[in-house]
Amino acid sequence: MKSSIKAIFTALFIIGLSIQASAQTAKYKCMLQMTNYKGLEAYVVVSLISPDGQYEKTLYMMGADKQWYNGFKQWDKFNKKKKEKLNGITGASVAAGDRSITTFAIDQSKMNKGYKLRFESAVEDGDYHVSDVEIPLTTAGITQKVEGKGYIRYVKLSKAQ
């Protein structure tokens, strides 16, 4: 009897944790449009940036060849310290004029607390744009179309169903 009650409470506890975890993150579809620059395909890294301007987490990497990650000088320093596993959050690099549509999860507890999403872009033998696009993590700002300053023409996020 005691063991079945224990099992029930354990199951309820695990269910509660999974509901809480899924309620804290939301999936966002990200549409990224590149400019018509000259050069090879761009690598783009999407990071969660804390209110004090520090890298907190890598959300997505467009470009799977690790040998080029050191081109993101600021992000690479963070990545080497944190040793994040990028498996499952990488995709293809993006060519000039092309569009990329990806999906990533954002921790909803970070909303409206000064956090932002940073899109960095780099092209081999080209420039590195640390803050090509920055999107404030606010309920109003997250779904606004934001113009880029480098290789990215614009980024538009929408909450995934």
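The values are calculated or read from the model by the stated rules, or taken from the named source; none is laboratory data. These figures come from a predicted structure and were not determined experimentally. Every residue, glycine as well, gets a Cβ built from its backbone with ideal geometry; the counts of neighbours run over all protein chains shown.
crowded, with 18+ Cβ neighbours inside 10 Å, without any contact (Cβ under 8 Å) to a residue 60 or more places away in the chain and over 16 Å from the mean Cα position of the chain (by Cα), is that true of Gly63? No: the conditions fail for Gly63. Filtering segment 103-132 to residues that are out of contact with any Asp or Glu (no Cβ under 6 Å at 6 or more places or on another chain) and free of Cβ contacts under 8 Å to residues at least 60 places away in the same chain leaves Met111, Asn112, Asp127, Tyr128, His129, Ser131. Summed over segment 124-154, residues that are at pLDDT below 95 and hydrophobic (A, V, I, L, M, F, W, C) total 2.
For the structure I just gave you, tell me whether Lys38 is more than 14 Å from the chain's Cα centre (by Cα), without any contact (Cβ under 8 Å) to a residue 24 or more places away in the chain and more than 28 Å from Gln161 (Cα to Cα). No; evaluated as a whole, the condition is false for this residue. When segment 123-154 is examined, which residues are found to be within 24 Å of Lys66 (Cα to Cα), among the hydrophobic types (A, V, I, L, M, F, W, C) and within 16 Å of the chain's Cα centre (by Cα)? Within segment 123-154, Val130, Val133, Ile152 qualify. Candidates are the residues of segment 96-113 that are under 16 Å from the mean Cα position of the chain (by Cα), not hydroxyl-bearing (Ser, Thr, Tyr) and not in a helix (DSSP H, G or I); the one that is surrounded by the most Cβ atoms within 10 Å (Cβ to Cβ) is Ile106.
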